[in-house]
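The values are calculated or read from the model by the stated rules, or taken from the named source; none is laboratory data. All figures in this text were calculated on a predicted structure; none of them were measured in a lab. Backbone-built Cβ (ideal geometry, glycine too); neighbour counts: all protein chains shown. Surface areas here come from the heavy atoms of the whole protein model, side chains and all, with no ligands, DNA or RNA. Shrake-Rupley method; radii C 1.70, N 1.55, O 1.52, S 1.80 Å.
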Amino acid sequence: LLDCTSRATGCKPSCASAMLARARGVGVDIEEGRGASEPMTFAKKAGLRLERDRRPPTVVLYGMTLAIAAGVAVVNFCIVCTTSYLHGLKAWMVESIIESSGFALAALALAAFGALAAALAAALVVWVSPISAGGGLPEMKGYLNGSSIPGLFDFRSFLVRFFGSMAVAVSGLPVGREGPTITLGCNVGLGALKWLARQYHQTWADTDISKCALIEHEQLMHMQRIACAIGGASGIAVIFNAPLGGLLYMLEEVTVVAWAPELTMRAFISTAVACLFSRLLLNAWSGDEVNKFVLSVEGYGDIKEWRLSDVHWIVLMAALFGVLSAGYTRALASTWSFRKRVTTMGVLERCQPWIKIIEASLCAVLCALIYVRISTLAGCIDATGVETKLHFGCPEGQFNPLAYLLLQGPEEAMWLLFSPHVSLELPRIDLWIALVTYGVLSIGMMGLAIPMGSFVPNMFVGGVAGRIFGRALRDLGMPTARPSVYALMGSASMLGGSIRQTLSIVAILTECANDLNFSPVLIVAIFAARSAAQMIRTRGLDEEMMERKGVPYLDAELPREMEGTGITAAELCDPLPASAWLAPSATTEEVQQALRDCSSNTFPVVREGRCLGLITRGQLLTAIAARVQAQGGTSPVQGSEQQGQPRIAVHWIMHRTPMIILETMPVNRLHPLFTRSETGVACVVAADGLFVGLLSRGTLIDAISRHEAGNVSSNAKDFVARGMGADMGSQGAEHHRDCDSISPRPPARNDSGPEELSPPPSPPSPQVTDAPEDSLVTELRARIAELEAVVASSIRPVDAASSHSLSGSST
């Protein structure tokens, strides 16, 4: 920019530096190729004067990292403390009613408590943030892959996940809180970015009236995904008190090919600080009583003493549990699809959203009644080494194992399963009842309109089954390790077969067990379980849900069946009408026509048949809004083009260095360009350099999906059609659009300069079928309103002396 200033004004660099400083302060015009003596009016420059902020300094980046860690720790502390208090209140209520009125009334009270909590969580989801239903991990994975999902990490979703996860935790439903906590970490990360570093990714468009913020999407999207990954890693770390586990979890979620080099150190610092700060807060508040809710090191104690002779039994168990986890994953996904299909049929669809709230409440009532009824069938055993507030009718010094496993929550139940005490032998029949009851009910919860996760339920099912397997070996007289060791290996096997991660599971369970000696046998167990599950189902739970939800996702590897198809970049190009090819200096009418004719989020800027750069729909709307504001509020959609109206200098705000690929490049060569970088859209050119079309990440995803499914439609396309997959950034997830008119190459435009550019010639007899004017006006006005809301919060005056008081409708 300094060099551009020096060349534009013809003065020395020192003088240019002073002019540049003034430009940053008062909005002096800088335009390449124009002398300082030539006046530069608003009309000649289309109402835009640009100044660019610099990249965030290191102190800001690491300050943001520490802020994310502290924020996640505080969020986890609030959730854990509230959950602990409500669990204690519920246990006191059940114990009091059992002593005074018996089990029947206690079951009804527990059902009412759970129904109220579940209804609260469901109401928050359906009325405030519907996208917060579930754990949010499939959507987060798609977001980190390069897709933009509006509403996933906004403030409303933060509130719903924060209060909803606490309500779900005390409702008694067999679900976990790890999914909402991870996405809460992403919320915190993006919030810290917006608070501390967003100003460094803005390009300021200066008009004669005000300044508007044009976001530099390339930098902003990159920083947003880094902040999201740091927050997610901190979220999983504070749940299990496992900083390395959190780091490796996000590494496997993001994939190595998309892992930014700067992310490793920042994520490591964030997870470590988050765990330390969380432990400090929890220990200062209540000590060891809350540790069971954190799945911490102190909660598990010493569960060592596995032998080499246990390895072959662990491998056998892991292979069996891999098959079990594949069936469990299939059942969860099928339940989600069935619930979605049923709730959109007939009268149920007309009664939404009340049906979703009632459904969540009825599930909580059913679980409470079943848990209480089953727990009454179990006897009391010695409670040496076990602390519980819920004795469930047992005398002092004893406890009910089924009530502990089912009513205390999965976190405390896993502490019991992993307990190393020799005197603590859980009855086999109680373990089998807990396994069947919890497993079946957890499958039935999938798809409820509440914030929930499936990581902890997988651990619980694997831990119970592993404890049963270890107990059976001991009953057969085998010299094996304690059943608690097999419970730990069972949890690892279920997780390895379900979510298909490896390093993160080893790190999380090793840090939970506080013993690195478990690492080799955990690796062996996860390998055996994943291999067995892979032979039955190729996708894990997150990938299965991404497929069913239609979350756009580009795999790191191209499917083998597409490698030899001979598909080239030219065949994958997005269809664009001739009017979508913008000149470097376009009239307002030309820009409006491009926005009308095609719903693409990215438009090429072409001169003489060659692409000069790309510009996004949001940037075009901002430019039109600035023009309208300067002209007194004429409608950007319905306003007529006046004679001599100034042009919009598209070349000032376009992205000048897009990805360029040849039209003959095969799909196996262009696929890594999208997976190993943050490229969202690329320019396809011929051998002579002439522009052919645009190839977007969404188009590539759609082509792969159609090739795998063997049909024209795809879930990714449906996902975009619902308004959840469009990215305003030039390298976001641009998706395939069906435009009305396709022109392979419009006539070359003889552009001689920004002011003297002639309007682009109309293509011969285009077959364009415009959308109804009313619907177009409504759509563009809605888009402009959203843009105005964002810009209004970022407007800053030209300087302190010439600040303008802006109206609420200014941009």
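Descriptive notes on the structure:
- Heavy-atom accessible area ranking, 1.4 Å probe, most first, across Arg55, Arg339: Arg55, Arg339
- With protein chains left intact and a 1.4 Å probe, residues in the stretch 103-169 average 33 Å² of accessible area per residue.
- With both labels modelled 7 Å from their Cα along Cα-to-Cβ, the Thr657 to Leu503 distance reads 3.0 nm.
- Cut-off 20 Å (backbone N to label point 7 Å along Cα→Cβ of Val323), residues of the stretch 541-576: 541
- Residues whose placed amide H lies under 5 Å from that of Arg610, excluding near-sequence neighbours: Phe691
- Surface accessible to a 1.4 Å probe, Asp555 within the full protein complex, Å²: 80
- Judged by the mean number of other Cβ atoms found within 10 Å, the most tightly packed of the peptides 164-175, 520-531 leads the ranking 164-175, 520-531.
- Label point at Arg548 placed 7 Å out along Cα→Cβ; residues across the stretch 336-366 whose backbone nitrogen lies under 11 Å: 336-341
- Spin-label pair Glu262-Glu349: with each label point 7 Å from Cα along the Cα-Cβ axis, the two points sit 4.8 nm from one another.
- Computed FRET value (nearest 0.05) for Ala686 with Ser334, which takes r as the C-beta separation and R₀ as 41 Å: 0.30
- Cut-off 15 Å between beta-carbons: net charge of the residues surrounding Asn668, Lys and Arg +1, Asp and Glu -1: -2
- Residue-by-residue Karplus 3J(HN,Hα) for the stretch 261-277, coefficients 6.51, -1.76, 1.60, Hz, glycine and proline x: x, 6, 6, 4, 5, 5, 5, 4, 5, 5, 5, 5, 5, 4, 5, 5, 5
- Inter-label distance, nm, simple model (7 Å from Cα along the C-beta direction), Val59/Ile358: 6.0
- Over 29 Å (Cα to Cα) - which of Lys90/Lys340; Lys141/Lys340; Lys389/Lys549 fall in this group: Lys90/Lys340; Lys389/Lys549
- In range of the label at Met93: residues from the stretch 108-124 whose backbone nitrogen is under 13 Å from the point 7 Å along Cα→Cβ: 108-120
- Full-extension gain in nm, Ser677 to Glu252, via 0.36 nm per residue minus C-alpha separation: 151.3 nm
- Neighbour cut-off at most 11 other Cβ (10 Å), DSSP loop, chymotrypsin sites (Phe, Trp or Tyr not before Pro), the stretch 308-415: none
- Lys/Arg +1, Asp/Glu -1 at C-beta; the stretch 51-128 dipole; positive extreme among Ala117, Ile98, Val59: Val59
- Taking the 1.4 Å solvent-accessible surface of the stretch 514-554 as the whole, the part contributed by carbon and sulfur is 58%.
- Restricting the calculation to Cα atoms, the stretch 219-277 yields a radius of gyration followed by a Dmax of 10.5, 32 Å.
- Taking Lys and Arg as +1 and Asp and Glu as -1, the other residues whose beta-carbon sits under 11 Å from that of Arg339 total +2.
- Surface listing: Glu561, Glu589, Glu544 arranged by accessible area from highest to lowest gives Glu561, Glu589, Glu544, probe 1.4 Å.
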